[in-house]
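Read through the structure below, which is laid out as structure tokens, and then see the notes.
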Amino acid sequence: MIVRLTFMVALLALSWAQWWVYAPRLPERMASHFSASGAPNGWSSPTQFFGLIFALNGLYLLIFLLSPLLIKIVPARFVNLPNRAYWLTPERLPLAMRRMGSLMLEFAIMSQLLMAYAVQLVIQANLGSPVQLSSHLTVALIGYLVFVCFWCFRYYRGFAVPNRSDS
């Protein structure tokens, strides 16, 4: 868990490094939104662009780090957890919180990796001429979708009720 948390902090630091290194080199009016073909169709200032990125970083961190605590605070009927009657009992709650924390941090890391890569592609597009977003983002999105499917499988499997066979 410490390694994952350290990696998440490093990814957040990468976001700040992208701003520090590239913001001064970007045009005052940069392309910040692109069509499916990669053509720019929305613009902002670098300050607005990175402000949005930092706000999203903060939201990721808040959601993914607080979610394990919420299952302890929120009434059980509002917790969307597989087999919640089993996992939210007082004796199993600490394990459920650890599992939730680990899974959510893993999801946050992958989401942050995708965002850092997308930001880098937007930066590269704005430093090139003509401004055109790389199709590599599509490949990254497909990879992220595969990860999300695998993660959902692990999430449901991680909160399954263990079999107790007395054979």
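Every number in this text was worked out from the coordinates using simple rules, so none of it is lab data. Treat the numbers as computed from the prediction; the structure is a model and nothing was measured. Glycine also receives a Cβ, built like all others from the backbone with ideal geometry; neighbour counts cover every protein chain displayed.
So between TYR117 and GLN48, what do we pick up on full extension, going 0.36 nm a residue minus the alpha carbon distance?
Answer, rounded to one decimal: 23.0 nm.
What FRET efficiency comes out for the pair MET110/ALA76, r = Cβ-Cβ distance, R0 = 41 Å, nearest 0.05?
On the way: r = 28 Å, r/R0 = 0.69.
Approximately 0.90, to the nearest 0.05.
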field: Gain on full stretching of the segment that runs from TRP151 to THR138 - 0.36 nm per residue minus C-alpha separation
entry: 2.7 nm
- request: Would you mind computing the Rg to Rh ratio of the range 24-147 from its alpha-carbon coordinates, Kirkwood style for Rh?
  value: 1.14
task: Grab the beta carbon distance between LEU14 and ALA160, set R0 = 45 Å, and tell me the FRET efficiency rounded to 0.05.
output: 0.80
- prompt: In which sequence would SER102, SER32 go, from the one with the fewest C-beta neighbours within 10 Å to the one with the most?
  reply: SER102, SER32
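Using helices alone, I'd like the mean residue ellipticity at 222 nm for the chain: each DSSP H run of four-plus residues gives -39500 (n - 2.57), total over residue count, nearest 500. Display every interim value, and only then the final one.
Values: 5 runs with 111 residues, N = 167.
Calculated at 222 nm, the ellipticity per residue is -23000 deg cm²/dmol.
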field: Karplus-derived 3J(HN,Hα), 6.51/-1.76/1.60, for each residue of the range 33-48, Hz, glycine and proline x
entry: 9, 9, 6, 4, 7, x, 7, x, 9, x, 10, 7, 7, x, 5, 5
message: I need the phi-derived Karplus couplings for the range 81-95: 6.51 cos²θ - 1.76 cosθ + 1.60, θ = phi - 60°, integer Hz, Gly and Pro marked x.
response: 9, x, 6, 4, 4, 6, 7, 9, 6, x, 6, 9, 4, x, 5
field: HN-Hα J in Hz across the range 146-153 - Karplus 6.51, -1.76, 1.60, θ = phi - 60°, x for Gly and Pro
entry: 4, 4, 4, 4, 4, 5, 4, 4
- prompt: Once fully extended, how much extra length lies between LEU69 and LEU95, figured as 0.36 nm per residue of separation less the alpha-carbon to alpha-carbon distance?
  reply: 8.2 nm
- prompt: Ranked by Cβ crowding within 10 angstrom, fewest neighbours first, how are MET8, MET104 ordered?
  reply: MET104, MET8
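If you place +1 on the Cβ of every Lys and Arg, -1 on the Cβ of every Asp and Glu, and leave all else neutral, what size is the dipole of the chain about its Cα centre, to the nearest 20 Debye?
Details: 12 positive and 4 negative charges, 97 e Å.
About 460 debye.
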- request: Could you please rank ILE123, ILE2, placing first whichever residue has the fewest other Cβ atoms within 10 Å of its Cβ?
  value: ILE2, ILE123
For the chain: relative contact order, % (alpha-carbon pairs under 8 angstrom, 6 or more apart): 29
- request: Show the residues, 5+ positions off or on another chain, whose built amide H is closer than 5 Å to the amide H of PHE34.
  value: ASN41
